[in-house]
């Protein structure tokens, strides 16, 4: 999904840096998937679509990295799933000190949610570049995975499901595979997902922009690192 108007914060349209990621590379396609997810989740958030025009994020180019560079969008995606946390951020045009202060507050809460699993620093987000691109993507993927897990647990509670988390997840994955129209099914999260086939179909089910190209490769490492 591309923007219908130029989102203005942070000052991403003033930046004329070379592409941080090679266009249409595997890691660039991962970025596009995350942009699609963020736009879908936050496009009704009036604070960052109308009052401050942070959204939508463009899929192409460096917009994703500059959109995240002051911590505001990360704050809003966290609060959509964990609204009990008060994360103090400053909106609009901000200098590096303000950006880093925002990100410090965001990372503090992310560490609570992810059980201190955050390995990203303030400068990794506030100063986008090729070196730290994979760290930024990894951080957002970690949040995405955590939010999916939270939704699943909530669904279990609402349905009064009396099974273990693993059993519920197995059923959930197999249901997704059935809806994908494939014969693949899994009985465990060990040997049955070793070839990444179920994982790739699951990602495609969650987001049909996710490529299934890696299934054409017999190299399991290529499959496992595809998204």
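Bear in mind these aren't lab numbers, they're just calculated from the coordinates by the rules spelled out. Quick caveat: nothing in here was measured; it's all calculated off a predicted structure. Cβ: placed from backbone, ideal geometry, glycine included. Neighbour counts: every protein chain shown.
Mind running the shape call on segment 10-147? Use the C-alpha gyration tensor, a ≥ b ≥ c as the square roots of the eigenvalues: rounded below 1.5 for a/c, prolate if a/b tops b/c, oblate otherwise. Taking the square roots of the gyration eigenvalues as a ≥ b ≥ c, segment 10-147 is rounded.
What is the gain in length, in nm to one decimal, between residue 23 and residue 189 on full extension, counting 0.36 nm per residue of separation less the C-alpha to C-alpha distance? Display every interim value, and only then the final one.
On the way: separation 166, 0.36 × 166 = 59.76 nm, distance 3.32 nm.
Contour length minus the Cα-Cα distance gives 56.4 nm.
Take each peptide in 187-197, 69-79, 141-151, count the other Cβ atoms within 10 Å of every residue, and average; sorted highest first, the result is 69-79, 141-151, 187-197. Note on residue 44 and residue 169: the model spin-label points, each 7 Å out from Cα along the C-beta direction, lie 2.9 nm apart.
In terms of the mean number of neighbouring beta-carbon atoms within 10 Å, the peptides 104-115, 43-54 order highest first as 104-115, 43-54.
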